[in-house]
There are 8 protein chains.
Amino acid sequence: MTPTIGIIMGSESDLPVMQAAADILIKFGIAYELTIVSAHRTPDRMRTYATEAKGKGIKVIIAGAGGAAHLPGMVAAYTTLPVIGVPVRSSNSIDGWDSILSILQMPNGVPVATVALNAAKNAGILAAQILATADEALAQQLVAYKTQLEDDVMTMVERVEKK
Amino acid sequence: MTPTIGIIMGSESDLPVMQAAADILIKFGIAYELTIVSAHRTPDRMRTYATEAKGKGIKVIIAGAGGAAHLPGMVAAYTTLPVIGVPVRSSNSIDGWDSILSILQMPNGVPVATVALNAAKNAGILAAQILATADEALAQQLVAYKTQLEDDVMTMVERVEKK
Amino acid sequence: MTPTIGIIMGSESDLPVMQAAADILIKFGIAYELTIVSAHRTPDRMRTYATEAKGKGIKVIIAGAGGAAHLPGMVAAYTTLPVIGVPVRSSNSIDGWDSILSILQMPNGVPVATVALNAAKNAGILAAQILATADEALAQQLVAYKTQLEDDVMTMVERVEKK
Amino acid sequence: MTPTIGIIMGSESDLPVMQAAADILIKFGIAYELTIVSAHRTPDRMRTYATEAKGKGIKVIIAGAGGAAHLPGMVAAYTTLPVIGVPVRSSNSIDGWDSILSILQMPNGVPVATVALNAAKNAGILAAQILATADEALAQQLVAYKTQLEDDVMTMVERVEKK
Amino acid sequence: MTPTIGIIMGSESDLPVMQAAADILIKFGIAYELTIVSAHRTPDRMRTYATEAKGKGIKVIIAGAGGAAHLPGMVAAYTTLPVIGVPVRSSNSIDGWDSILSILQMPNGVPVATVALNAAKNAGILAAQILATADEALAQQLVAYKTQLEDDVMTMVERVEKK
Amino acid sequence: MTPTIGIIMGSESDLPVMQAAADILIKFGIAYELTIVSAHRTPDRMRTYATEAKGKGIKVIIAGAGGAAHLPGMVAAYTTLPVIGVPVRSSNSIDGWDSILSILQMPNGVPVATVALNAAKNAGILAAQILATADEALAQQLVAYKTQLEDDVMTMVERVEKK
Amino acid sequence: MTPTIGIIMGSESDLPVMQAAADILIKFGIAYELTIVSAHRTPDRMRTYATEAKGKGIKVIIAGAGGAAHLPGMVAAYTTLPVIGVPVRSSNSIDGWDSILSILQMPNGVPVATVALNAAKNAGILAAQILATADEALAQQLVAYKTQLEDDVMTMVERVEKK
Amino acid sequence: MTPTIGIIMGSESDLPVMQAAADILIKFGIAYELTIVSAHRTPDRMRTYATEAKGKGIKVIIAGAGGAAHLPGMVAAYTTLPVIGVPVRSSNSIDGWDSILSILQMPNGVPVATVALNAAKNAGILAAQILATADEALAQQLVAYKTQLEDDVMTMVERVEKK
């Protein structure tokens, strides 16, 4: 199956956080590719990745990075695909504030869809929601997932009320 | 033309900021509807709006709010459509920090695609990018828009270098 | 005894923090109910909880949540009962700033009585103070509790001055 | 009519903000008294005010202050009445952060019900909600007020959708 | 020897931090008293302490507190002695920001001499500097202490350059 | 009269803020000198000023600066006199945060008595309090000043209650 | 004269801030070029600029940008020349925090020499200092400039002391 | 070999962070000296160090400090050499914010080239880049280093894609 989602991150050290995006896509049966692309250490690789993504069939790019996190915004500079940015609270980050602001505060013309700090899982769900705008079967999966979230809470309710 | 984008905001006072989302959608020829939905003052209207949006043909919801900005996240709680959140630096906001954090920091399971403070224009572009994942003509419009952004910079370049 | 205080929280993981509200209510002999209500995963349960609380005899709602903490504010949107919000420094929170601002910065018309980060005990005391505005026996208990706080400090004083 | 709400503030310069608490209480027909009590310049007046409030018939105290805002917390130290704190963005405040944190972050045992920055109106509504826990007629007024808020939004909706 | 410095703190849990103030005063041969005074739990004790300090021979008060740290400012409200405030990063503090702002941002008329977060040692040195403005022998001790600080650095220099 | 207080500031642009220190000292009849000393542009002048101050009869130094405000801390490095730091919200400051943290967060061994942002008046009062530890007449003036502060509040009280 | 310093900025709206870098270079007789290069709107122009700069004789690049300011860091990704970053407090910036953190918090391997918010003048001086490491005549100019700074303060001193 | 880079830091406790600057300089074959210089405890040593550095052959100074970090800025006050500041997240620092702002926010006329929090390695690379503006062999080493960074990422890519 050709991947429709590209998951990239600035460093292998972001993988423990970013894996959650892959995991949820697997759950939804969405094909993805996952690799390392560093804006600062491999800028040409980033440029190639971003400019070729659409041609390869990628529909949404999920990009995670920490500190002065330029990867999501620069990928967005090179493509018209929707780019979802995941601010990572990496070891070189100031409690995540730098990661968040570097990804979120993009200038007019070049948006990045930013999710919460370390929220790679939500990046995956958002990517699914985007694909689902043209895929009713996937949309139904998302409805089922929402029901599952609700059921999980109801399980908690029972457990807590029993105490 | 049936609207495919729903633009909502918590108060009429958010309109000067949020209008930019509508303006860019007009530029891309994308039909939208725009109205006021307050999470705190009209929670049932919000619920109805969010639960009925998909059935009406809406594919993406853009929601702007300021202060303890619950509208984008609560709409996302009620729908599986992608929700784009626009943090508004309203008069009751603390320099926008409350608006940003209330919209961005959603828990796992319920993402909001957050754009920069007051960046309603980018919310509109992101909505177009989402639709374009299944609409090649629109995708080409986005490529042309990117070229236009580049041309605008080159005009600046000439003006500045002439000085 | 019919509960007069409703303690709710967004997730079971908030329970270690929120239990302190229950504990202090027990100390004051105030009946409460405690359960999980997630604004984002069980919005309809939240709506039901909030709209039915008064009818059930609940007089004050204590709601704890972390991150983009919408539970206290959305419950306040659905009820005219006083709502006490407890910002929880949960694992997905940015040092608690998101929890605090999402709960505190409510717009005009829909207040939430916010207490300190993780201060569920104070939420319980505040709930007791509210009930005590119409319950002189409880008011006397609060006076006694205040004396107890003072006595605890005097015990510290003795211990420290002895060193 | 004996006042049941005491509105106090640290300085006359807080009055333009704090007046909104009085205005909404007038709307609800709740008697209040309003005066200046400075924690730092008139600490004994503060002590007297706080210790005598309950005996005079006051049921809720609303205290507004800016900067190192000690008034709400110190009043709470001297009384068992519910104290609502209004952080004021005064000229000597750092964007309101000092006002908020000085009022909100009270230690266990001595809560202050904190509302949003400058949100004196919400302090008034919260005071009414507290009284309404034992006053069904007032509770009905609050329900009507909530409906009014909703109607105000619907008026905005019409105006915006007409454009 | 009658104490000339009063060291107070809001809770016994502040003692590990505040002990450093006592230790440095011992080094300078300055008599002090040290006790627990809680602004919020023992407000009358605080008032008595502050109003009687000068009469007892106290010349400088060092007050440490965390969270909504009202002790230094309220003591300053009750006395004309210099009050040195030590913001404590206690467990209920938000990284110390609340402690710092609650102590530092005092209104005109009532200063608190604030030192760095947890810097009780510097509070002790500052107290000594204040006494030394009228005690040349102590002033000479401070000069010797400054030389000692310099010597300590020179020892580090040797150790580091040897590596 | 030989000055006992030295008021210095990093730039003439700080004078509108720092003048308040001089004004209150005049009120207390305390002789002062006031001049410009820049840590970064005139480091040797700063060194001379700081090392010679005590010999000239100066007992307390008040130093105001903005941005990366090194003047108070560096003066404290060169003298054993008490140094009062006034963080100035200058045009090159980030809302005063840089000024505050650069002055407040001094390392162990070298304290700076920091007052609130722009609070030069409080710096002057604190300097008077320091001198008053060895000058009972001045101490009585401070008591009278405190009474004046209280009277000013009582005047406000009358004015506000009349409304 | 071939330019040795390249001054670039993300938008013409940064020019009023960035002009100060050019002005000080003119004062030092250092040839520069100045143009607009947008990381997000003209990424290929940025890449070309950065990769060709050294070959053209540029020795230092000064890059100014605001918001999610990626220009300095991305230029540094493409060149081994020293890159000086100027965080600009642009209209879309959150008080400059986003500009600062996006430029400063670069990962290991790819430094950006960051100066203060809006401090383009200092960027120019730093560029001169860098060139002066291999140009003794320029080094002497910098010494003279430092003397000039000192003289300017002494002029202030006279003016202030005369008052 | 005469050292061309001076690495200094405020305390031996900064050495674990600052060592990375030395390590990378060794890699580039650049001679350096490393020692402890405290702005606050050894101000005269700092002055001597800064004023004599150029005469000794030092071309760039790297200065690391934490808290109210005055060392980099004060060294820059005494020399016209480029000064690179490394904000250290020391134990007495507030999450590094004080270190960053004290170093970064220098006034016009006296720049400090600030790198990321704890980024001593980048300080070393930046120093090498500065020397390389007049040393083509070193410039080639930096190009090779950049290639190495890229290769390291490609190794990660292989490892991650294999999983």
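The values are calculated or read from the model by the stated rules, or taken from the named source; none is laboratory data. For clarity, every value in this text was computed on a predicted model and none was experimentally measured. Positions of Cβ are backbone-derived with ideal geometry, glycine not excepted, and every protein chain shown enters the neighbour counts. For accessibility, only protein heavy atoms count, side chains too; no ligands or nucleic acids. Shrake-Rupley method; radii C 1.70, N 1.55, O 1.52, S 1.80 Å.
A few comments on the model shown:
- Here segment C:48-88 is scanned for amide nitrogen atoms under 19 Å from the site 7 Å beyond the Cα of C:Asp23 along Cα-to-Cβ, giving C:62-65, C:86-88.
- Other residues within the sphere of radius under 9 Å centred on the Cβ of A:Leu81, judged by their own Cβ, net out at +2 (K and R +1, D and E -1).
- Of all DSSP beta bridges confined to the protein assembly as shown, the antiparallel ones make up roughly 5%.
- The GNM of chain A, with springs linking C-alpha atoms under 10 angstrom apart, assigns the highest mean-square fluctuation among A:Asp151, A:Asp135, A:Asp23 to A:Asp151.
- Under Karplus coefficients 6.51, -1.76 and 1.60, residue-wise ³J(HN,Hα) of segment E:77-87 in Hz, glycine/proline x: 5, 9, 9, 9, 5, x, 10, 9, x, 10, x
- Looking at segment F:89-150, the pairs of alpha carbons with a distance over 15 Å make up 63% of the total.
- Residue-wise HN-Hα coupling along segment E:138-144, computed from phi with Karplus coefficients 6.51, -1.76, 1.60 (Hz; x: Gly, Pro): 5, 4, 5, 4, 5, 4, 5
- Residue-averaged beta-carbon neighbours from other chains (10 angstrom radius) around G:61-74: 5
- Taking amide H positions as modeled 1.01 Å from N, with prolines and chain starts lacking one, no residue 5 or more places away or on another chain lies under 5 Å from H:Ala119.
- For E:Gly109, distant residues with modelled amide H under 5 Å away: F:Asn122
- For the chain pair E and F, buried accessible area totals roughly 3400 Å², probe 1.4 Å, rounded to the nearest 100.
- Options B:Leu142, B:Ala119, B:Gly57, ranked by Cα towards positive dipole end of segment B:7-163, top entry (Cβ charges): B:Gly57
- Per residue, the accessible area of the protein assembly as shown comes to 31 Å² when a 1.4 Å probe rolls over the protein heavy atoms.
- Overall Cα dimensions of segment H:23-163 - principal axes, largest extent first, Å: 56, 38, 28
- Each Lys and Arg contributes +1 and each Asp and Glu -1, all at the Cβ; summed about the Cα centre of segment D:29-146, the dipole is approximately 100 debye.
- Under 5 Å from the amide H of D:Lys59 lie the amide H atoms of D:Ile5, D:Gly6, each residue being 5 or more positions distant or on a separate chain, with H modelled from the backbone and absent for Pro and chain starts.
- Carbon/sulfur fraction of accessible area - the protein assembly as shown, other protein chains in place, 1.4 Å, %: 51
- Placing +1 on the Cβ of every Lys and Arg and -1 on the Cβ of every Asp and Glu, with no other charges, gives the protein assembly as shown a dipole of roughly 0 debye about its Cα centre.
- Phi-based couplings in Hz for segment H:27-42 (Karplus 6.51, -1.76, 1.60; Gly and Pro marked x): 4, 8, x, 9, 6, 9, 10, 9, 7, 9, 9, 9, 4, 8, 9, 10
- Helix content alone sets the calculated 222 nm mean residue ellipticity of chain H: runs of n ≥ 4 DSSP H residues at -39500 (n - 2.57) each, divided across all residues, give -16500 deg cm²/dmol.
- Look at where the Cα atoms of segment E:22-76 and of segment H:60-138 average out, and the two centres are 40 Å apart.
- Axis-nearest residue of F (beta carbon) for the F-onto-C rotation, whole Å: F:Trp97, 7
- Rule-of-thumb Rg ratio for segment B:10-71 [Cα; 2.2 N^0.38 Å; N residues]: 1.14
- Two-decimal ratio, the protein assembly as shown, of alpha-carbon radius of gyration to 2.2 N^0.38 Å: 0.92
- Straight-distance crosslink candidates among aspartates and glutamates, where the alpha carbon sits under 18 Å from D:Lys56 and sequence neighbours closer than 8 are dropped: C:Asp135, C:Glu136, D:Glu33, D:Asp44, F:Glu161
- Tilt relative to chain H, helix H:43-56 - C-alpha long axis, 0 to 90 degrees, to 10: 60
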